[in-house]
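Scroll down for the structure; my scribbles are underneath it.
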Amino acid sequence: MRSRIVKVLSVLMLGLVIVLVSGRQVVAEPRDHDSKLVGTWRVQVALVDCQTGTALSAPAFSSLLTFAHGGTMAEDTTNPSFGPGQRGAGQGVWDHKPGGTYAARSVAFINYTTQANPAAHNPGFEAGEQTITQTITFEDGPDKWSSTADIEFSDTTGAVYRQACAVASAQRF
């Protein structure tokens, strides 16, 4: 009877050890290509013509992007086209793609509507959302990347009323 109890306890302990060891492997360090993007980046953004890629007259501006393990991201910008408090910080997701690139998608709320003001490079915005979808490519090592982005503006009903494009370069913070 006692040997039977010892055998059962041994099997249970072995099973527990296997579960713990395999669980550790699941939460171990992320793959190297995922770690490459993780961190905070200073980003210089320039708006471009979506057809030609030619820079538009709007001034370039700075943003901060933070990529976390697990595929989430946070973003904030100094884009002068928006009025004070008009655009909230962005939140989103990212993923590693074949060929060494990354895809990121973020959404920020546009809190109130403004009329166009060409002198301020402000085309006018509707209250709603801004969605940025970008492809990120590393260049010259692990501390610099560049990206191309497609931008959509939608009103509070979700109807897209404007599209734009941008290019960016980033340096690890």
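Take the residues of segment 32-62 that are of a type in the set (D, E, K, R) and within 17 Å of the chain's Cα centre (by Cα): which is surrounded by the fewest Cβ atoms within 10 Å (Cβ to Cβ)? Explain how you work it out, then say what you get.
First, pick out the residues of segment 32-62 that are of a type in the set (D, E, K, R): 32, 34, 36, 42, 49.
Cutting the leftovers down to within 17 Å of the chain's Cα centre (by Cα) gives us 34, 36, 42.
Working: D34: 17, K36: 20, R42: 13.
If we take residues in segment 32-62 being of a type in the set (D, E, K, R) and within 17 Å of the chain's Cα centre (by Cα), then R42 is surrounded by the fewest Cβ atoms within 10 Å (Cβ to Cβ).
Would you check if P84 is over 21 Å from the mean Cα position of the chain (by Cα), outside any strand (DSSP E or B) and either exposed (fewer than 15 other Cβ atoms within 10 Å of the Cβ) or in contact (Cβ under 8 Å) with a residue 40 or more places away in the chain (or both)?
Values: over 21 Å from the mean Cα position of the chain (by Cα): yes; outside any strand (DSSP E or B): yes; either exposed (fewer than 15 other Cβ atoms within 10 Å of the Cβ) or in contact (Cβ under 8 Å) with a residue 40 or more places away in the chain (or both): yes.
Yes, satisfied.
Within segment 68-81, which residues are surrounded by fewer than 17 Cβ atoms within 10 Å (Cβ to Cβ) and part of a strand (DSSP E or B)?
Within segment 68-81, A68, T72, A74, D76 meet the criteria.
Identify the single condition in (1) at pLDDT 95 or above; (2) within 27 Å of K144 (Cβ to Cβ) that G88 does not satisfy, given that it satisfies every other one.
Here G88 clears every test but (2).
Each row is one residue, and each column tells you yes or no for (1) assigned to a loop (DSSP other than H, G, I, E, B); (2) touching a residue at least 40 places away in the same chain (Cβ under 8 Å).
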residue: V107; (1), (2): no, no
residue: Y112; (1), (2): yes, no
residue: Q130; (1), (2): no, yes
residue: P142; (1), (2): yes, yes
residue: W145; (1), (2): no, yes
residue: I151; (1), (2): no, no
residue: Y161; (1), (2): no, no
residue: C165; (1), (2): no, yes
residue: S169; (1), (2): no, yes
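Just the residues that are outside any loop (DSSP other than H, G, I, E, B) and small (G, A, S), please, taken from segment 49-62.
Within segment 49-62, A55, S62 qualify.
Taking L65 as meeting all but one of (1) outside any strand (DSSP E or B); (2) surrounded by 17 or more Cβ atoms within 10 Å (Cβ to Cβ), write down the number of the exception.
(1)
Restricting to segment 117-128, count the residues that are closer than 15 Å to L47 by Cβ and either among the aliphatic types (A, V, I, L, M) or in contact (Cβ under 8 Å) with a residue 60 or more places away in the chain (or both).
The qualifying residues number 2.
The values are calculated or read from the model by the stated rules, or taken from the named source; none is laboratory data. This one's a predicted model, so the numbers in the text were calculated from it and none came from an experiment. Methodologically, a virtual Cβ is constructed for each residue, glycine included, from the backbone with ideal geometry; neighbour enumeration extends over all protein chains shown.
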